[in-house]
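Just below is one structure, and these are the notes that go with it.
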Amino acid sequence: MTKAGHRTACFTATYTGVADRPLPVTESAAARQLSLPCYPGMTTSFGREAVLEARQLRA
């Protein structure tokens, strides 16, 4: 399961107390999302590989 954004390490340290609250809509969405890599230095071949892996998840 993917962690909801407010529960990731970069936010829990910054927003102490907020990250401990239940956010059911956020947590539900996080459980159903897929984050794909996307950054300026990403090569075309790596992008294709990411797409192929994502397609396998759908199968």
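Just so it is clear, none of the values below were taken in a lab; they were calculated from the coordinates. This one's a predicted model, so the numbers in the text were calculated from it and none came from an experiment. FYI the Cβ positions are ideal-geometry reconstructions off the backbone, even for glycines, and counts take in every protein chain you see.
At-a-glance table
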| quantity | calculated |
| --- | --- |
| Hz values of 3J(HN,Hα) by residue in the range 32-40 - Karplus curve (6.51, -1.76, 1.60), Gly and Pro given as x | 10, 9, 10, 9, 9, x, 7, 8, x |
| Paired Rg and Dmax values of the range 5-58, which use every Cα atom, in angstrom | 15.2, 41 |
| Residue-averaged 222 nm ellipticity for the chain, from DSSP H runs of 4+ at -39500 (n - 2.57), nearest 500 | -13500 deg cm²/dmol |
| Nearest-0.05 FRET efficiency for Ser28 and Ala59, computed from C-beta distance (R0 30 Å) | 0.80 |
| Gain upon complete extension [Phe11, Thr43; 0.36 nm per residue less C-alpha separation] | 8.6 nm |
